[in-house]
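A.B. asks: If you scroll down you'll find the structure; I have some questions about it.
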Amino acid sequence: MRPAKSAGALSGEIRRVVLEQSKRANVGHIGSCLSVADILAVLFADELRVESPADPDRDRFILSKGHAALALYAALVGMGRLDAKALQTFCEDGSALGTHPETAVPGIDFSTGSLGHGLSLGVGAALAARMEGSERRVFVLVSDAECNEGSLWEAVMFAAHHRLANLVAIVDLNGQQALGFTDDVLSLSPLADRWRAFGWDVQEVDGHDLGRLCDVINGLDPSGQAPHVLIARTVFGKGVSYMENKIAWHYKPMSDDEYLQALSELETASP
Amino acid sequence: MRNEFADALVELAENDPRVVLLTGDLGFMVLECFSDRFPDRFFNVGVAEQNMLGIATGLADSGYVPFVYSIATFVSMRPYEFLRNGAILHDLPIRVVGVGGGFDYGHNGVTHFALEDVGILRVQPGLTVIAPADAGQARSALFATADLARPIYFRVAREDAPVPGLDGRFALGRVQVIGDGDDLAIVTLGTMAAPAVVAADVLAEEGINAIVVVVPTFNPTPIEDLVDTLGRVPLALTAEAHYVTGGVGSVVAEVIAEHGLHCRLVRCGVTEMPKGISGSQEYLSEIYGLTAQDLVRTAQRAARSQLQRR
């Protein structure tokens, strides 16, 4: 058994790694990674049951918003499922650790990067689990703007029709997408009602409240009559003041000064 | 062919519990043999081809061998990226069954004409493409690839016309040669083998000795067989109910060029998008020069010009 780690400790590690490696590699997607850091921390520290990487009955996790891969790598490293040395190859020539996750990286269940794909993969994985009589669960983290994709709603309908209660979708509702605020680009409102109308069990939750996230997920009934979705309200760029709710930080890398300030804010928040 | 394929799939599923079947709400009077026999392994996902491919990927990752079924156009093009980033990227054994290559759905109009499925799919190195020439070959191909640990696209015709001399032969990455001759090779995709055999018989009466080369697989593509066969004839005619670009005509062009073969190529196939024209498969085959008589005429013309060149 690996040593237990608190979700709080893991979320701090994820944020630190995201800043360090984004800076070293000089790449963006920082805001998206910070947005999901707490969700990933709860899933990886408290929720995902993974006895061994090859265990067919392990819970599955699909990062459908693949552009937050760095946060996922950080979570895997934090839980000892990925060698910390691998992080140093992030975005290096020849590395499997690009800005979107691939199964060549230990701990990654599915390769993703094209939005609107992951929930269908998760539906298939959840359907397989039910056909086999396995109690494994499937978690799929999607972005809010990903709900623009028609294919996502195909998967939503199928999961509800087949009552795949072993499937948990989490929507990272940070209200932003690449070129603007979701309300301005293509309105998703009322998002919770839309999922509910499609037959899902909907839980609205603060995506940065670790305890609440944990409680909500623990309260989901995997043998119920509907698939589950957490509409997780998050802050894009959470934890770095100048990034929060700023569209530019979807793509922008940090300058040296910005990096130092971000690190210092992180340390102040979780010394 | 599709009914025989479905019957063979039931046989396969009897012995292989990994086999499941998903359909995008198509297969009336075709798939009942499977859904009645294996109701727990059959899913009509609705009219949602992208999700169907995504689900199949998730199932295959858990050890199943999902067959996904729809009309060839719908299942090859709408979910193309799901196939690429799903079963191909993850190297998983899903089977995409596209029914109705070429003009099989002639009365349904251009949205139902699969004229580029082989072309767009064979460019994916991780996807095996199989276009059986008749039901016997389809059956052989299904069983021969049952344990292939990578994805496959099957281009399955609606109707079946047995190809004389083929006798259900199939081998992955190989051609099947019908007849004997050194004047001309007619290289065919899918069900074009049957009219090609008829054409070869007519040509033989006129002193042009043609072989028919059936190409049922791509990735692996029968490169060595094609080099061997085309190296012995001065003229090759490709015949496909498909655009002339991307399919077997392109494959043969690639082989001839890359191996420096002294073989002239004439490609028979569709050269423009058939807009505003529907009709029987026979009618459309005539329009695009794909009947046995058309192949004879094209071969005669090509052979004459070949002689003049010498």
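The values are calculated or read from the model by the stated rules, or taken from the named source; none is laboratory data. Given the structure is predicted, the values throughout are model-derived calculations rather than measurements. Methodologically, a virtual Cβ is constructed for each residue, glycine included, from the backbone with ideal geometry; neighbour enumeration extends over all protein chains shown.
A.B. asks: How about region A:217-230: which of its residues are over 15 Å from residue A:172 (Cβ atoms) and not hydroxyl-bearing (Ser, Thr, Tyr)? Quick ask: steps written out before the conclusion?
C.D. replies: Here is the first cut: in region A:217-230, the residues over 15 Å from residue A:172 (Cβ atoms) are A:218-228.
Matches in region A:217-230: A:218, A:219, A:220, A:221, A:222, A:224, A:225, A:226, A:227, A:228.
Each row is one residue, and each column tells you yes or no for (1) basic (Lys, Arg); (2) surrounded by 19 or more Cβ atoms within 10 Å (Cβ to Cβ); (3) in contact (Cβ under 8 Å) with a residue 60 or more places away in the chain.
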position	(1), (2), (3)
B:261	no, yes, no
B:272	no, no, no
B:280	no, no, yes
B:287	no, no, no
B:297	yes, no, no
B:300	no, no, yes
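A.B. asks: Hey, another quick one. For residue B:12, work out the one condition from (1) in contact (Cβ under 8 Å) with a residue 24 or more places away in the chain; (2) facing chain A (nearest Cβ under 9 Å); (3) more than 27 Å from residue B:277 (Cβ to Cβ) it doesn't fulfil.
C.D. replies: If we test residue B:12 against (1) in contact (Cβ under 8 Å) with a residue 24 or more places away in the chain; (2) facing chain A (nearest Cβ under 9 Å); (3) more than 27 Å from residue B:277 (Cβ to Cβ), just (2) comes out false.
A.B. asks: With respect to residue B:79, determine if the residue is over 22 Å from residue B:9 (Cα atoms) and within 14 Å of another protein chain (Cβ to nearest Cβ). Don't jump to the end; show me each part of the working.
C.D. replies: Numbers: over 22 Å from residue B:9 (Cα atoms): yes; within 14 Å of another protein chain (Cβ to nearest Cβ): yes.
Here the answer is yes, as residue B:79 does meet what is asked.
A.B. asks: Under the condition of being within 7 Å of chain A (Cβ to nearest Cβ), closer than 18 Å to residue B:153 by Cβ and of a type in the set (A, V, I, L, M), which residue from region B:46-75 is surrounded by the fewest Cβ atoms within 10 Å (Cβ to Cβ)?
C.D. replies: Among those residues, the one meeting the criterion is B:59.
A.B. asks: Looking only at region A:211-235, which residues are over 15 Å from residue A:141 (Cα atoms) and polar (S, T, N, Q)?
C.D. replies: Selection gives A:218, A:223, A:225.
A.B. asks: Take the conditions within 14 Å of chain A (Cβ to nearest Cβ) and under 16 Å from residue B:9 (Cα atoms) and apply them to residue B:41. Does it pass? First the steps, then the outcome.
C.D. replies: On the way: within 14 Å of chain A (Cβ to nearest Cβ): yes; under 16 Å from residue B:9 (Cα atoms): yes.
When the stated conditions are applied, residue B:41 passes them.
A.B. asks: Let me ask you something else. Can you find, within region B:94-153, the residue that is farthest from the chain's Cα centre (by Cα) among those that are among the acidic types (Asp, Glu) and within 29 Å of residue A:121 (Cα to Cα)?
C.D. replies: Initial filter on region B:94-153 (among the acidic types (Asp, Glu)): B:104, B:116-117, B:134, B:147.
Keeping just the survivors that are within 29 Å of residue A:121 (Cα to Cα) gives B:116-117, B:147.
Details: B:116: 11, B:117: 9, B:147: 20 Å.
Among them, the one singled out is B:147.
A.B. asks: Of the numbered conditions (1) over 26 Å from residue A:139 (Cβ atoms); (2) surrounded by 16 or more Cβ atoms within 10 Å (Cβ to Cβ); (3) without any contact (Cβ under 8 Å) to a residue 60 or more places away in the chain, residue A:192 satisfies every one except a single condition; which is it?
C.D. replies: For residue A:192, the exception is condition (1).
A.B. asks: Go through the residues of region A:193-206 one by one and say whether even a single one is part of a helix (DSSP H, G or I) and within 8 Å of another protein chain (Cβ to nearest Cβ). Full working, then the answer.
C.D. replies: Restricting attention to region A:193-206, the residues satisfying the condition of being part of a helix (DSSP H, G or I) are A:193-197.
Add one more test, that the residue is within 8 Å of another protein chain (Cβ to nearest Cβ), and what stays is none.
No: region A:193-206 contains no residue that is part of a helix (DSSP H, G or I) and within 8 Å of another protein chain (Cβ to nearest Cβ).
A.B. asks: Name the residue, out of A:242, A:259, that is assigned to a helix (DSSP H, G or I), among the aromatic types (Phe, Trp, Tyr) and farther than 25 Å from residue A:119 by Cβ.
C.D. replies: Details: A:242 fails: assigned to a helix (DSSP H, G or I).
When all the criteria are applied, what remains is A:259.
A.B. asks: Still on this model: Scanning for something in contact with a Leu (Cβ under 8 Å, 6 or more places away or on another chain), part of a strand (DSSP E or B) and over 21 Å from residue B:105 (Cβ atoms), does region B:253-264 turn up at least one residue?
C.D. replies: yes
A.B. asks: Would you check which residues across region A:1-34 are modelled with pLDDT of 95 or more and in contact with a Lys or Arg (Cβ under 6 Å, 6 or more places away or on another chain) and list them?
C.D. replies: A:34
A.B. asks: What single numbered condition from (1) closer than 30 Å to residue A:60 by Cβ; (2) free of Cβ contacts under 8 Å to residues at least 40 places away in the same chain; (3) surrounded by 13 or more Cβ atoms within 10 Å (Cβ to Cβ); (4) not charged (D, E, K, R) fails to hold for residue A:219?
C.D. replies: Only one criterion is unmet by residue A:219, namely (3).
A.B. asks: Moving on. Please report, ordered by residue number, the strands (runs of 3 or more DSSP E) entirely within region B:167-251 with at least 1 residues that are surrounded by 24 or more Cβ atoms within 10 Å (Cβ to Cβ).
C.D. replies: B:184-188, B:210-214, B:235-243
A.B. asks: Of the conditions (1) surrounded by fewer than 21 Cβ atoms within 10 Å (Cβ to Cβ); (2) among the charged types (D, E, K, R); (3) under 21 Å from the mean Cα position of the chain (by Cα), residue B:37 satisfies every one except a single condition; which number is it?
C.D. replies: Here residue B:37 clears every test but (3).
Residues are listed down the side, and each one gets a yes or a no for (1) aliphatic (A, V, I, L, M); (2) not assigned by TED's automatic domain parsing to the domain that holds residue B:297:
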{"site": "B:171", "(1), (2)": "yes, yes"}
{"site": "B:206", "(1), (2)": "no, no"}
{"site": "B:212", "(1), (2)": "yes, no"}
{"site": "B:233", "(1), (2)": "yes, no"}
{"site": "B:248", "(1), (2)": "yes, no"}
{"site": "B:251", "(1), (2)": "yes, no"}
